[in-house]
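The values are calculated or read from the model by the stated rules, or taken from the named source; none is laboratory data. Since the structure is predicted, the reported quantities are computational estimates derived from the model, not experimental observations. Cβ: placed from backbone, ideal geometry, glycine included. Neighbour counts: every protein chain shown.
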Amino acid sequence: METPKVFESEYRFCLILWAHEPVKSSELVELCREQLGWKPTTTYTVIKRLSERGVLKNENTVVTSLVTKDEVQASEIDEMVEKTFEGSLPAFIAAFAKHRRISDKELDEVQAMIDRYRRGE
């Protein structure tokens, strides 16, 4: 199953949801007011929209996610690599590394991920 698209402001909403779920919709309204400056109608509209797209469910005023943060992030990265770098992971990494200093610690972490991947972990 393909991960539903989550747009920028919806992602910020999802970060709040993931941190507090399961959560009553009224509590989400308050959290979104505090953290995002949203009006209650905005929060309820986003809940409805994301529910219709299969990102979350709202049953008996309790909201829970149907997709994880990792799934949404992976989907966004896949889309960007495909659209911007013609599906080439090496081209993406080269562009990323060209404009950002990568510390030795980060390089070690990436190398450890590559090693785990090669071992099939």
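Pairs please, first residue from the stretch 54-82 and assigned by TED's automatic domain parsing to the domain that holds Glu21 and assigned to a strand (DSSP E or B), second anywhere and loosely packed, with under 14 Cβ neighbours inside 10 Å and β-branched (Val, Ile, Thr), Cβ atoms under 7 Å, 6+ apart in sequence or on different chains.
Between residues of the stretch 54-82 that are assigned by TED's automatic domain parsing to the domain that holds Glu21 and assigned to a strand (DSSP E or B) and residues that are loosely packed, with under 14 Cβ neighbours inside 10 Å and β-branched (Val, Ile, Thr), the close pairs are Leu56/Thr64; Lys57/Thr64.
Check Trp38 against each of (1) assigned to a helix (DSSP H, G or I); (2) surrounded by 14 or more Cβ atoms within 10 Å (Cβ to Cβ) and name the one condition it does not meet.
If we test Trp38 against (1) assigned to a helix (DSSP H, G or I); (2) surrounded by 14 or more Cβ atoms within 10 Å (Cβ to Cβ), just (1) comes out false.
Could you tell me which of the residues Ser9, Ser51 is within 17 Å of the chain's Cα centre (by Cα), modelled with pLDDT under 95 and either over 13 Å from Val72 (Cβ atoms) or in a helix (DSSP H, G or I) (or both)? Write out each step before concluding.
On the way: Ser51 fails: modelled with pLDDT under 95.
Only one candidate qualifies: Ser9.
Looking only at the stretch 29-46, count how many residues are under 20 Å from Pro4 (Cβ atoms) and touching a helix residue (DSSP H, G or I) at 6+ places or on another chain (Cβ under 6 Å).
The initial filter retains those residues of the stretch 29-46 that are under 20 Å from Pro4 (Cβ atoms), namely 32, 42-46.
Okay, now just the ones that are also touching a helix residue (DSSP H, G or I) at 6+ places or on another chain (Cβ under 6 Å), so 32, 43, 46.
Number of matching residues: 3.
Tell me yes or no: at least one residue of the stretch 19-29 is surrounded by 14 or more Cβ atoms within 10 Å (Cβ to Cβ), of a type in the set (A, V, I, L, M, F, W, C) and in a helix (DSSP H, G or I).
Yes, the stretch 19-29 contains a residue that is surrounded by 14 or more Cβ atoms within 10 Å (Cβ to Cβ), of a type in the set (A, V, I, L, M, F, W, C) and in a helix (DSSP H, G or I).
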